[in-house]
1. I'm checking my understanding of the structure. Among residues of the stretch 37-72 that are of a type in the set (D, E, K, R) and at pLDDT 90 or above, which one is least open to solvent (accessible area, probe 1.4 Å)?
2. Condition first: open to solvent by 70 Å² or more (accessible area, probe 1.4 Å) and farther than 19 Å from Gly16 by Cα. Now tell me which residues in the stretch 27-36 satisfy that.
3. Among the numbered criteria (1) modelled with pLDDT of 90 or more; (2) open to solvent by less than 90 Å² (accessible area, probe 1.4 Å), which one does Val4 miss?
4. Does the stretch 31-60 hold any residues that are farther than 14 Å from Ala71 by Cβ and either in contact (Cβ under 8 Å) with a residue 24 or more places away in the chain or among the polar types (S, T, N, Q) (or both), and which are they?
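The values are calculated or read from the model by the stated rules, or taken from the named source; none is laboratory data. Note that the structure is predicted; figures quoted are calculated from it, not measured. Note that each Cβ is placed from the backbone with ideal geometry, even for glycine, and that neighbours are counted across all protein chains shown. For the accessible areas, the whole protein counts, side chains as well, though only heavy atoms, and no ligand, DNA or RNA atoms are used. Shrake-Rupley method; radii C 1.70, N 1.55, O 1.52, S 1.80 Å.
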Amino acid sequence: MSAVDRMGGGNTPSSGAFRLDKPNARFMGVCSGIAKYFGWDVTLVRIAFALGTVFGFGSLLVIYLAIGLIAD
């Protein structure tokens, strides 16, 4: 196991609790935190949230804000 893997870097899912990823954030760090936690690409998570907000009539926007205010 490399030092990067032990520090939580790389594309492997995080083994700890969910945390906002504020250094890589655009707004509040929710999408980047989700991407880091599951080991996904942050761009795909942001696109999924944008599409979900448009097609869900804004319901994901409320969920996004709730996650941003509650987490960390």
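1. Just the residues of the stretch 37-72 that are of a type in the set (D, E, K, R), to begin with: 41, 46, 72.
When the remaining residues are screened for being at pLDDT 90 or above, the result is 41, 46.
On the way: Asp41: 81, Arg46: 63 Å².
Ranking the candidates gives Arg46 first.
2. Looking only at the stretch 27-36, we keep the residues that are open to solvent by 70 Å² or more (accessible area, probe 1.4 Å), and these are 27, 36.
Result: Phe27, single match.
3. Tallying (1) modelled with pLDDT of 90 or more; (2) open to solvent by less than 90 Å² (accessible area, probe 1.4 Å), Val4 fails exactly one: (1).
4. Residues satisfying the conditions are Phe38, Gly39, Thr43, Thr53, Ser59.
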